[in-house]
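Here the structure comes first, spelled out in structure tokens, and everything after it is commentary.
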Amino acid sequence: MCPSRSRTRTRSTATPAMLKTVFDCCAVSNFALAGALTLLENLFQNRAIITAFVAADVLRGIQAGHPRLEGIPKAVKAGWLKETGLRTSEEWRLFGTLSPSLGLGEASSIAIAKSRGCAFASDDRVARAEAAALGISLTGTPGILVKATQNSVCDVRRADVYLGRMVNAGFFSPVHSIDEIVSR
């Protein structure tokens with residue numbers, strides 16, 4: 001599960017079409033808890049990544065009684081969601097710089113996104129600010145749902161169903177409906 005931190009109220013930016021995206025625990029968990037991992041699979045088509053630290057956070061969530069999170073390790077086993085660790089000294093250095101102010105999952109996700117030229121998917125205000133300061137392309141749960149509607153992965157009504165499930169599971173959404181963003 002994700003830590004309870006203030007969530008951003010700014011509009012999410014869509015990731016470029018072919019950019020790999022590193023998900024923090026909150027972002028990937030939102031989709032698992034909403035029963036929407038298939039949406040991520042269809043939208044990102046083998047370009048979705050979690051770090052080993054995020055995988056550990058997910059495991060803790062499963063052990064804490066959130067069985068819907070079990071879809072995340074299953075997605076890794078299926079191969080469409082990639083799990084990776086910190087590999088380079090640059091990644092470890094940035095991780096060390098970020099980890100005092102962020103969770104280990106967020107810090108590792110940002111370090112990998114920066115080093116490997118990936119986008120970063122997060123709804124956490126502090127993590128997004130750190131990533132933005134490093135010039136990393138950002139997206140979040142609402143932005144991913146919008147992108148899914150724009151790419152015909154689901155319609156707005158289905159995206160709103162997923163958003164409602166996420167909110168019921170504890171996600172603080174900056175919008176009540178994906179249509180609020182799509183209609184802008």
Quiz item: In the range 57-81, how many residues are among the small types (Gly, Ala, Ser), free of Cβ contacts under 8 Å to residues at least 60 places away in the same chain and surrounded by 15 or more Cβ atoms within 10 Å (Cβ to Cβ)?
Solution: 2
Quiz item: Taking into account only those residues within the range 22-54 that are more than 18 Å from Leu98 (Cβ to Cβ) and not in a helix (DSSP H, G or I), which is nearest to the chain's Cα centre (by Cα)?
Solution: Ala48
Self-check item: Of all residues making up the range 135-160, the number that are touching a residue at least 24 places away in the same chain (Cβ under 8 Å) and either part of a helix (DSSP H, G or I) or closer than 17 Å to Asp123 by Cβ (or both)
Solution: 16
Quiz item: So which residues in the range 51-77 are of a type in the set (Gly, Ala, Ser) and more than 19 Å from Ala121 (Cβ to Cβ), if there are any at all?
Solution: Ala64, Gly65
Exercise. Go through the range 39-81 and give me each residue that's farther than 27 Å from Lys114 by Cβ and β-branched (Val, Ile, Thr).
Key: Ile62
Quiz item: So, of the residues in the range 106-153 that are farther than 21 Å from Val182 by Cα and of a type in the set (Asp, Glu), which turns out to be surrounded by the most Cβ atoms within 10 Å (Cβ to Cβ)?
Solution: Glu106
Quiz item: Within the bounds of the range 84-103, is there any residue that is touching a residue at least 60 places away in the same chain (Cβ under 8 Å), in a helix (DSSP H, G or I) and within 15 Å of the chain's Cα centre (by Cα)?
Solution: no
Exercise. Assess whether Thr8 counts as being in contact with a strand residue (DSSP E or B) (Cβ under 9 Å, 6 or more places away or on another chain), among the polar types (S, T, N, Q), at pLDDT below 85 and closer than 22 Å to Ser152 by Cα.
Key: no
Quiz item: Taking the range 155-171 only, how many residues are surrounded by 15 or more Cβ atoms within 10 Å (Cβ to Cβ) and either at positive phi or of a type in the set (Phe, Trp, Tyr) (or both)?
Solution: 2
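The values are calculated or read from the model by the stated rules, or taken from the named source; none is laboratory data. Because the structure is a prediction, the values reported are computed rather than measured. Please note: Cβ atoms are built from the backbone with ideal geometry, for glycine as well, and neighbour counts cover all protein chains shown.
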